[in-house]
């Protein structure tokens with residue numbers, strides 16, 4: 001509890017203000033109450049002693065006649081009157097021999113008398129009294145002779161009661177002053193804390209990107225200056241954001257224009273490649289037919305070698321134009337997807353027949369793992385993806401083999417082409433999906449491909465909504 005209170009008044013502005021206001025007030029009020037209470041009690045003590053002394057002197061002046069005449073009734077009346085007027089606890093009269101003549105109040109218990117402030121005076125007959133009173137002049141009483149004693153007492157309980165009342169009044173006064181001081185400090189702290197909270201809320205809104213927030217406080221005082229500074233900061237931030245937004249709009253417009261230009265150029269390039277490839281395919285096809293006819297008719301050895309070279313170049317050029325046509329059609333969005341249900345095993349058997357002779361020529365093991373799965377996709381596009389992957393695997397594998405497998409993953413099927421070839425370095429695994437990238441063909445030998453196979457695979461997979469993953473270790477193979 002003490003730790004919580006300490007943490008509250010140390011961290012809270014309101015707590016600090018209350019402590020600053022109440023602690024000096026408490027110390028000041030305690031000192032003032034102690035001082036005035038001490039003075040009041042001393043005054044009460046002096047007043048009690050003076051009251052007892054006055055009562056004793058007054059009795060000494062009024063009792064001689066009654067004491068000489070032996071009028072106890074008058075003495076009792078005088079004692080009671082004096083005791084009532086001066087709040088005496090007791091009063092009594094004794095003669096010259098010390099015998100009790102008259103009394104009022106409790107004068108019997110010594111314990112009671114010990115707890116009283118007592119005042120005792122002598123009762124003497126003065127000459128003036130005998131001149132003014134014929135009875136005293138003939139009574140035979142000697143002038144200035146001792147007639148007896150008058151004794152009065154005031155109980156110290158009155159002082160104790162007065163002390164308790166004074167302390168209670170002082171405590172109530174101190175409590176009222178503390179409550180008033182605390183209420184005033186609380187009110188002032190509420191106002192200050194409310195203003196600071198308002199400024200804090202504005203800062204919080206600014207932190208949440210609401211730059212229209214403003215502090216609504218008068219500019220007077222330190223908090224007003226703080227609010228004005230926050231408002232100036234908000235206006236500067238708003239102006240800066242407006243400037244940034246304008247720059248962003250201008251940059252976005254420029255980028256959009258450049259993007260449109262790039263897309264138009266890309267589509268124009270794709271259309272050009274598509275048109276050029278389509279227009280060049282027919283004469284290339286005719287050229288290949290002419291070369292085949294010439295090869296069949298001419299049996300000379302030198303001519304046959306030349307014709308075979310022309311045939312190989314024509315085939316490579318036709319393959320290049322077919323790949324370029326595929327790339328351009330994919331980029332232009334001219335290829336549509338026609339998904340159907342089809343058995344995967346039949347496609348794998350066809351691919352095994354297609355690439356079996358090529359793998360055997362390189363003395364590679366080509367294996368197709370049986371897969372009794374029915375796929376829902378475009379079979380032509382899936383086959384073209386597998387054709388490019390298998391062709392690449394055979395082309396860049398010198399020893400070992402190539403494995404084509406499939407595995408069910410929930411509702412999906414994972415097709416894998418695994419080879420034991422040269423592998424691909426980690427820093428080149430993204431580049432191999434770009435056009436005309438051939439890591440192991442720096443001389444651009446057309447017999448080792450055109451560098452378009454994986455680019456076509458990437459575009460076909462993206463068109464089908466499938467993902468292509470590549471795992472490879474240099475000199476160990478790829479998957």
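So the values come out like this:
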| item | result |
| --- | --- |
| Segment residue 372-residue 467, length gained on full extension (0.36 nm per residue, minus Cα span) | 32.0 nm |
| Order of 347, 479, 261 under a 10 Å beta carbon neighbour criterion, fewest first | 261, 479, 347 |
| Region 330-385 and region 56-91: distance between their alpha carbon centers, rounded to Å | 141 Å |
| Average Cα contact separation per residue, region 336-478, under 8 Å, 6 or more apart, as relative contact order % | 23 percent |
| Inverse mean reciprocal Cα-Cα distance (Kirkwood Rh) of region 336-478, Å | 15.8 Å |
| Pairwise label distance in nanometres, residue 414 with residue 167, each label 7 Å out on the Cα-Cβ vector | 8.9 nm |
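No lab work stands behind these numbers, since they all come straight from the coordinates. Remember, predicted model here, so these are calculated numbers, not experimental data. Positions of Cβ are generated from backbone atoms using ideal geometry, with glycine treated the same way; all protein chains shown enter the neighbour counts.
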